[in-house]
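Just so it is clear, none of the values below were taken in a lab; they were calculated from the coordinates. Keep in mind that what you see is a predicted model, and the values were worked out from it rather than measured. Heads up, the Cβs are rebuilt from the backbone with ideal geometry, glycines too, and the neighbour counts pull from every protein chain shown.
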Amino acid sequence: PERAMIPYYGCLMTNVSSSMTGVKRYLKRIGEDVSCVAFVGDGTSADVGYQALSGACERGENIIHICYDNEGYMNTGVQRSSTTPPGAWTTTTQIGPGSRGKNRPPKYMPLLMALQGAAYAATATLSHLEDFALKLRKAQNVTDGLSYIHLFCPCPTGWRAKIEDGIEICRLAVETNYFPLWEAEDGYFRFTSDTHKIRPLAELIKSLRRFDHFDEEEIQNLQIMSDRRYELIKHLTALSK
């Protein structure tokens with residue numbers, strides 16, 4: 001059978017969204033209605049490429065941006081990124097007498113994009129593939145602005161986790177409210193996977209050796225951060241009704 005060919009364009013980490021803007025505008029000019037998708041990591045989304053992404057969102061460029069978030073620069077040596085959680089070990093946030101991992105809170109990129117005015121913003125992960133598929137379809141159907149999907153995905157090497165535990169880690173991230181699943185359409189928020197019985201965040205932490213150094217206070221601090229994120233989205237969903 002004939003294989004479907006998908007055009008690909010590679011560029012620098014700093015200009016993904018601006019390059020995608022040019023491609024989309026050119027295709028529109030010649031009368032082609034094509035879904036243009038940027039599939040990049042958290043470093044390109046939240047750090048070095050954030051300016052271009054923010055600009056594309058503000059201009060209402062009709063592109064889809066998927067942030068493949070493994071919470072660090074995993075391709076270049078496991079350095080910390082803006083989405084690395086507090087206390088996590090990376091090669092640039094070591095554990096020792098003078099350091100207890102990353103000492104700053106992470107950017108909550110999906111919320112930033114929703115509040116900036118993305119036509120569609122959502123979270124997704126590999127343990128909930130039907131949810132992810134529905135969100136991809138919604139993003140594809142947007143015609144009046146930028147769509148942003150924040151995809152949570154483990155890196156066994158950088159997270160010091162077992163490869164075979166990857167899907168379970170994603171499921172635990174949802175069920176502990178570390179990574180709640182939600183979407184925002186034109187600023188109206190709703191959860192797409194309600195967790196009726198919240199599991200303790202410690203269950204997720206113990207499967208990730210990048211948190212091996214955590215004491216009870218550090219576990220509790222990460223729990224508080226997760227709870228606050230969840231409550232913030234919960235309040236926004238209430239305002240959207």
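Just the number, please: percent antiparallel of the DSSP beta bridges in the chain, rounded to the nearest 5. Present the calculation step by step, with values, prior to reporting the outcome.
Values: 11 of 28 bridges.
In the chain, DSSP labels about 40 percent of beta bridges as antiparallel.
Treating only the Cβ atoms of Lys and Arg (+1) and Asp and Glu (-1) as charged, compute the dipole magnitude of the range 88-168 about its Cα centre; round to the nearest 20 debye.
Working: 9 positive and 6 negative charges, 80 e Å.
Charge dipole, the range 88-168, about its Cα centre: 380 debye, nearest 20.
So how many Å³ per residue does the convex hull of the Cα atoms of the range 151-224 work out to? Mind dumping the intermediate values first?
On the way: hull volume 7.7 nm³, N = 74.
It is 104 Å³ per residue.
Take the alpha carbon gyration tensor of the range 1-46, find the square roots of its eigenvalues, order them as a ≥ b ≥ c, and report rounded if a/c is under 1.5; if not, report prolate when a/b exceeds b/c, else oblate. Don't jump to the answer; show the numbers that get you there.
Values: a/c = 2.79, a/b = 1.33, b/c = 2.10.
It is oblate, given that a/c is not under 1.5 and a/b is not larger than b/c.
Percent of alpha carbon pairs in the range 114-241 separated by more than 25 Å?
Numbers: 2356 of 8128 pairs.
Roughly 29 percent, once rounded to a whole number.
Students often get this wrong, so check it: of Lys24/Lys102; Lys28/Lys241; Lys28/Lys138; Lys24/Lys162; Lys138/Lys197, which have C-alpha atoms separated by over 30 Å? Before the final figure, lay out each step's value.
Values: Lys24/Lys102 38 Å; Lys28/Lys241 36 Å; Lys28/Lys138 20 Å; Lys24/Lys162 39 Å; Lys138/Lys197 28 Å.
As for pairs spanning more than 30 Å Cα to Cα, those are Lys24/Lys102; Lys28/Lys241; Lys24/Lys162.
Could you rank the peptides 85-92, 155-162 by their average count of other C-beta atoms within 10 Å per residue, with the highest value first? Write out the running numbers ahead of the final one.
On the way: 85-92: 19.8, 155-162: 17.6.
Ranked from most to least packed, the peptides come out as 85-92, 155-162.
Under a Cβ-only charge scheme (Lys and Arg +1, Asp and Glu -1), can you give me the dipole magnitude of the range 16-62 about the Cα centre, in debye to the nearest 20? Provide the component values of the computation, followed by the final result.
Details: 5 positive and 6 negative charges, 53 e Å.
Dipole magnitude for the range 16-62 comes out near 260 debye.
With just the Cα atoms defining each centre, how far is the range 29-68 from the range 106-158? Give it in Å.
Between the Cα centre of the range 29-68 and that of the range 106-158, the gap is 12 Å.
Taking the dipole about the Cα centre of the chain, with the C-beta of Lys and Arg at +1 and of Asp and Glu at -1, give me whichever of Leu172, Leu239, Ala56 is farthest to the positive side.
In the chain, that residue is Ala56.
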